[in-house]
Amino acid sequence: MNNSQLAKIRQNLGFIGRSHALDQILRTIEQVAATDIIVLINGESGTGKELVAKAIHALSHRNSGPFIIVNAGAIPEGIMESELFGHEKGSFTGAIGQRKGYFELADGGTIFLDEIGEMPLETQVRLLRVLENREILRVGGSVAKSIDVRIITATNRDLLEAVHKNQFREDLYYRLNAVNLVVPALRERREDIPLLVEHFATTFCNLNRIEYGGFTSEAMNLLVDYNWPGNIRELKNFVESIIVMERGMSISGSAVQARLPVPHVRMDAHLPVHINRSNEELEREFLYRALFEIKNEIAQLREAVLGKYIMPGRRLTAGPSFERDLVNLTGDSIHRIEDETEEIFPTMEQMEHELIYRALEKTGGNKRKAAVLLAISERTLYRKIKEYDLPF
């Protein structure tokens, strides 16, 4: 598929961007669309998995048939089988008539099972039979009905890991995984962000008749550098929100920075962040930024309050008593140290320990709030609590 064909697919199917990662997705879509092979779409939340499924259907020989979207994670377990396969009148309380399920409604077309990893194990058994026999049996029914449906599934979970934890059937996993199409996260296609921003901004402003002053180059650079954990969905919501709040004015870097989550706001020109790092490395670097600031504050506190004095024979150490030590060094307990060059700063590990302790203490042990204060994930915070054996 040449560049002109790629451009045509982008235009016709609603894909915005020119990145190599997006090109690869479009090429794969074209290859699998011509067949009825089952496709499993993997990707983080908000990356556009539904758009990929729609594109496969639109380019297939089934494009004149129905395209039925089913969110498996949103259907209560008690009615899952009825929703998918239908039911007969009187098959259960409330079944006042015969009802077609989503698979029957999709006959001759495509059914898209989103969040397939959330499907109950009991329903997975029936789905496997549908895949093998190409027929469904309504709840309460006795006669199977043949169906002609192309099946596309999607998940943001690691299904193989779910298989190992006995949360997903292994035989179903290998049936669904005939073609595994991975949709890249937005941070993996940063060159597409300016095009997406302009698309979302123009569409939103035209729809709502709002004047749009554009984003400054500084503002756009901030948007490109941000990691967008919520991916395209988060970017779209951010663009629409900031346009409303800025009332059609040109959107500056400071306006963007003020509305981005805390980790981006706290960036320091003296400690640049390299974006091509893992999330854990970035979180640790943000934590060290805060530690760097705390260390500076301690230095200023030392000069302003302690001067050249300290308790004899004792060094300050980080921990629950660290802040109290600084406060209590007053009155008769203070003596001039003999060695004026003695260093009283704790190590970076001690400061990390102290910063986490203080954040947890300030939030009353609420780990979610403490993680927000520290600009790290809860997972990292729990690991640090265990590492430092903190009493929370």
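Of note:
- Qualifying residue in the stretch 38-51 (condition: farther than 28 Å from THR203 by Cα and assigned to a loop (DSSP other than H, G, I, E, B)): yes
- Condition met for ASN231 (in contact with a Lys or Arg (Cβ under 9 Å, 6 or more places away or on another chain), surrounded by 17 or more Cβ atoms within 10 Å (Cβ to Cβ), in contact (Cβ under 8 Å) with a residue 60 or more places away in the chain and not assigned by TED's automatic domain parsing to the domain that holds HIS20): yes
- Tallying residues that are surrounded by fewer than 19 Cβ atoms within 10 Å (Cβ to Cβ) and assigned to a loop (DSSP other than H, G, I, E, B) within the stretch 174-184 yields 2.
- Top-ranked residue of the stretch 83-123 - restricted to ones that are surrounded by fewer than 20 Cβ atoms within 10 Å (Cβ to Cβ) and polar (S, T, N, Q), ranked as nearest to the chain's Cα centre (by Cα): THR123
- Any hit, the stretch 190-197, residues being over 20 Å from SER45 (Cβ atoms) and not aliphatic (A, V, I, L, M): yes
- Among the residues listed as ARG129, ARG157, the single one being in the same structural domain as GLN31 (by TED's automatic domain parsing), outside any loop (DSSP other than H, G, I, E, B) and either of a type outside the set (Val, Ile, Thr) or at pLDDT 95 or above (or both): ARG129
- Among the residues of the stretch 343-379, those that are surrounded by 16 or more Cβ atoms within 10 Å (Cβ to Cβ), modelled with pLDDT of 80 or more and not hydrophobic (A, V, I, L, M, F, W, C) comprise GLU352, HIS353, GLU354, TYR357, ARG358, THR363.
- Only residues that are in a loop (DSSP other than H, G, I, E, B), in contact with a strand residue (DSSP E or B) (Cβ under 8 Å, 6 or more places away or on another chain) and under 20 Å from GLN124 (Cα atoms) were counted across the stretch 64-109, and they come to 5.
The values are calculated or read from the model by the stated rules, or taken from the named source; none is laboratory data. A quick note: this is a predicted structure, and the numbers were derived from the prediction, not measured. Every residue, glycine among them, receives a Cβ derived from its backbone with ideal geometry; neighbour counts consider all protein chains shown.
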